[in-house]
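Structure, as structure tokens:
The values are calculated or read from the model by the stated rules, or taken from the named source; none is laboratory data. These numbers were taken from a predicted model, which means no experiment stands behind them. Backbone-built Cβ (ideal geometry, glycine too); neighbour counts: all protein chains shown.
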């Protein structure tokens with residue numbers, strides 16, 4: 001079957017007693033996506049993922065993976081899914097290689113030592129095959145966890161907050177590894193995170209959820225480009241710059257940061273005109289920096 005839609009979640013809801021963790025979440029993930037599942041802590045991300053992996057049962061809604069109903073084809077579906085929920089756990093005093101051998105047997109797959117060595121090499125742990133996991137850093141354990149998800153050659157990888165607690169180098173390593181899962185392993189990846197700047201760099205599509213509800217879904221670049229921009233300018237004459245702004249762009253919002261820095265919120269297509277009018281007014285522009293980031297977009301969505 002030529003599958004283009006890997007995940008389809010419709011109107012998912014989950015209660016824990018009187019607490020409604022997920023109220024109404026819907027989204028779709030297409031084949032080849034690195035799909036960002038975004039939301040603040042407590043938004044319902046992990047609960048949704050647990051429902052999607054059949055770790056807990058939803059109260060309402062439908063979940064389809066690979067075009068099949070999760071309730072009717074659970075075992076068949078999960079055989080094609082690899083996941084890390086929160087953080088991977090290993091036998092600390094066994095080697096990385098031995099851990100993967102054990103997990104391979106648990107999954108019922110016949111995985112050779114050569115294949116395990118290849119997986120460890122893929123995640124950047126080549127040469128550490130025989131080392132005990134107790135000596136691994138947090139970032140190395142995360143990468144070993146991704147190797148573990150590959151043991152049964154799944155089509156879909158689900159990662160729940162994989163960069164939490166990592167240092168900047170570890171975050172970059174995991175980010176690059178996720179991108180390689182798509183480009184080199186042809187995997188579809190769903191990435192749950194509240195680290196929104198990371199999602200901007202990694203994901204091609206995303207959904208934002210807040211307070212147990214999906215707010216908006218779509219292509220990352222299109223969603224960001226559709227928004228107003230925040231531009232920070234370093235100028236020679238702040239007062240003249242404010243006069244140009246209020247006269248020519250009455251709907252724009254200008255904010256003085258200091259004696260030389262002006263921050264302006266306006267539509268993207270208006271930026272060239274602002275630049276030209278400032279120059280014509282005798283204002284020297286020493287720098288112009290776009291400030292629109294996914295964090296700004298995210299805050300605008302959840303505060304509306």
Requested in this report: Kindly check whether there is at least one residue in the stretch 61-72 that is in contact with a helix residue (DSSP H, G or I) (Cβ under 9 Å, 6 or more places away or on another chain) and within 21 Å of residue 211 (Cβ to Cβ).
Outcome: yes
Requested in this report: Name the single residue, out of those in the stretch 276-295 being part of a helix (DSSP H, G or I) and at pLDDT below 90, that is surrounded by the most Cβ atoms within 10 Å (Cβ to Cβ).
Outcome: 294
Report task. Select, from 132, 45, the only residue that is surrounded by 17 or more Cβ atoms within 10 Å (Cβ to Cβ), closer than 22 Å to residue 170 by Cβ, in contact (Cβ under 8 Å) with a residue 24 or more places away in the chain and out of contact with any helix residue (DSSP H, G or I) (no Cβ under 7 Å at 6 or more places or on another chain). Result -> 45
Query raised in the report: Which condition number does residue 139 fail, the rest of (1) within 21 Å of residue 6 (Cβ to Cβ); (2) under 19 Å from the mean Cα position of the chain (by Cα); (3) crowded, with 19+ Cβ neighbours inside 10 Å being met?
Result: (1)
Report summary line: Counting only residues in the stretch 65-77 that are under 18 Å from residue 47 (Cβ atoms) and surrounded by 15 or more Cβ atoms within 10 Å (Cβ to Cβ), the one farthest from the chain's Cα centre (by Cα) is identified as 70
Query raised in the report: When residue 162 is evaluated against the numbered criteria (1) farther than 30 Å from residue 79 by Cβ; (2) in a loop (DSSP other than H, G, I, E, B); (3) in contact with a helix residue (DSSP H, G or I) (Cβ under 8 Å, 6 or more places away or on another chain), which criterion, by number, is the only one it fails?
Result: (1)
Query - Looking only at the stretch 190-205, and only at residues there that are over 18 Å from residue 83 (Cα atoms) and modelled with pLDDT of 90 or more, the one that is surrounded by the fewest Cβ atoms within 10 Å (Cβ to Cβ) - result: 204
Query raised in the report: If only one of 240, 232, 213, 265 is at pLDDT 90 or above, touching a strand residue (DSSP E or B) at 6+ places or on another chain (Cβ under 6 Å) and at negative phi, which one is it?
Result: 213
Query raised in the report: Within the stretch 1-44, which strands (runs of 3 or more DSSP E) (wholly inside it) include 2 or more residues that are farther than 19 Å from residue 218 by Cα and at pLDDT 95 or above?
Result: 5-16, 19-30
Report task. Please verify whether the stretch 166-189 includes one or more residues that are modelled with pLDDT under 90, part of a loop (DSSP other than H, G, I, E, B) and either more than 9 Å from the chain's Cα centre (by Cα) or crowded, with 20+ Cβ neighbours inside 10 Å (or both). Result -> yes
**Report entry** Answer from 109, 113, 87 - the residue that is surrounded by fewer than 18 Cβ atoms within 10 Å (Cβ to Cβ), under 25 Å from the mean Cα position of the chain (by Cα) and modelled with pLDDT under 95
**Finding:** 87
